[in-house]
Amino acid sequence: MTDWAAWTRGRGRVLAGTAVVTALLLSFHGSVPNRVGGLGSLLESFLPWLGAVVVVLFVLALVRRSALALLALLLPAAAWTHLFGGLLLPAPEPGSGDLVVVQHNVSDENTDPGGTARALARAEPDLIALEELVPPALDVYAKTLAPDYPYRTVVGTVGLWSKYPLTGSRPLDIKPRGIDEVWERGLRAVAHTPRGAVAVHVAHLPSIRVGASGLTSSRRDESAGLLGDALAEEELRRVVLLGDLNGTVDDRALAPLTDSLNVAERGLALSFPAGFPLARIDQVMARAGTVGAVRTLPATGSDHLPVVARVIWD
């Protein structure tokens, strides 16, 4: 009996220690260094999943009947709730002046562009931003969306469809160093909505790689900085950024964007990979407005899920 009690107490201390470490990672993830294998960004990319660790620890603490472990679990539970609890609250009621937007990386291997376009249009957004547009699928998107979205602009492999007139379309220079081929993955246009002019930026940042050596993201990080510079120079007060940013809003590499733009206040909306979404790397951000809610749409022919959001202007 004594051996059993000692073993149980020992297991309780291990669980309690793990709970404390989890709480520290949640609370001080910004202190995890990025110099070795991009560990900081890697942790921040999957930060919400530390909530699953808390759940597992809770079950084990109940099995071990460890009051110490249960008490320690209050720390990571509180930290997770502080960071992500608000995302689970009900979305605000839709308003007549809200701007509804859809962001979707449609995949250059999508075999059903027509079906994808129709699925996006069914959400009845005001704006649709698409990435990985390639011929001949681009013509299918244009033809399918044209009846409801008569205004469009396409730069390279990114495009914007709108119910409202678009002016001032131009490329965004977000090409990182070391890429010699043609690489056009950003655009800026002005949408003339009933609430006034909105500068819409559409971007597809470089992919990241996770391997045995950790996270490789230098090109993504550099491109995010260039995009942040472009947004800082934007003269219009109202701005919306739509894009596949290949990073979550918790990832410090997107600080050039998240430091000046508002991110979603409601909804986790994990968007990638479509088969088993682990992270939301498809983003909607705004300046002079609040991204009140974000959610995913059903899967299309892409490896990403579409994301739909409402922007509420100040």
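Shown is the FRET efficiency for D139 and F276, computed with R0 = 35 Å from the Cβ-Cβ distance and rounded to the nearest 0.05: 0.65. Each Cα pair under 8 Å and six or more residues apart adds its separation to the average, and for the range 126-236 the resulting relative contact order is 21 percent. Estimate the FRET efficiency between E235 and S96 by the formula 1/(1 + (r/R0)^6), using the beta-carbon distance for r and 30 Å for R0, to the nearest 0.05. After rounding, the FRET efficiency stands at 0.65. Relative contact order of the chain, please, whole-number percent, based on alpha carbon pairs below 8 angstrom and at least 6 residues apart. Across the chain, relative contact order equals 18 percent. The relative contact order of the range 1-155, computed from alpha carbon pairs under 8 Å that lie at least 6 residues apart in sequence, is 21 percent. Once the 1.4 Å probe is applied to the protein heavy atoms, the chain comes out at 48 Å² accessible per residue. Counting only the backbone N, which residues of the range 114-152 are under 16 Å from the spot 7 Å out from the Cα of T167 toward its beta-carbon? Output list for this probe position: 151-152.
In terms of the mean number of neighbouring beta-carbon atoms within 10 Å, the peptides 239-249, 260-270, 76-86 order highest first as 239-249, 260-270, 76-86. The candidates Y164, Y141, arranged from most to least accessible area with a 1.4 Å probe in the full protein assembly, appear as Y164, Y141. The dipole here belongs to the chain: it is taken about the Cα centre, uses +1 on the Cβ of Lys and Arg and -1 on the Cβ of Asp and Glu, and is about 1000 debye. Accessible area ranking (1.4 Å probe, heavy atoms, ligands and nucleic acids excluded), largest first, for F28, F272: F28, F272. All C-alpha to C-alpha distances of the range 110-214, sorted into 5 Å bins beginning at zero, yield P(r) values of 2, 12, 21, 20, 19, 12, 7, 4, 2, 1, 0 percent in whole numbers.
The C-alpha atoms of the chain define a longest principal axis, and helix 2-27 lies at about 30 degrees to it. Note on the range 169-311: along the principal axes its Cα atoms extend 49, 35, 28 Å, ordered by decreasing extent.
Only protein atoms count toward the accessible area here, which uses a 1.4 Å probe; on the range 1-140, the carbon and sulfur part of that area reaches 66 percent.
Of the accessible area of the range 236-295, with the probe set at 1.4 angstrom, what percent is carbon plus sulfur? Here carbon and sulfur together make up 57 percent of the probe-accessible area.
Estimated purely from DSSP H runs of n ≥ 4, each contributing -39500 (n - 2.57), the mean residue ellipticity at 222 nm for the chain is -10000 deg cm²/dmol once divided by its residues.
Volume per residue for the chain equals 148 cubic angstrom (convex hull of Cα atoms).
If you sort E181, E131, E235 by accessible surface, 1.4 Å probe, largest first, the order is E235, E181, E131. Once backbone amide H atoms are built at 1.01 Å from N, L172 has G186, L187, R188 as its partners under 5 Å, excluding neighbours fewer than 5 places away on the same chain.
Its convex hull of Cα atoms gives the range 225-293 a direction-averaged projected area, equal to a quarter of the hull surface, of 4.5 nm².
The values are calculated or read from the model by the stated rules, or taken from the named source; none is laboratory data. All values derive from a computational prediction rather than experimental measurement. All Cβ positions, glycine included, derive from the backbone under ideal geometry; neighbour counts span all protein chains shown. For the accessible areas, the whole protein counts, side chains as well, though only heavy atoms, and no ligand, DNA or RNA atoms are used. Shrake-Rupley method; radii C 1.70, N 1.55, O 1.52, S 1.80 Å.
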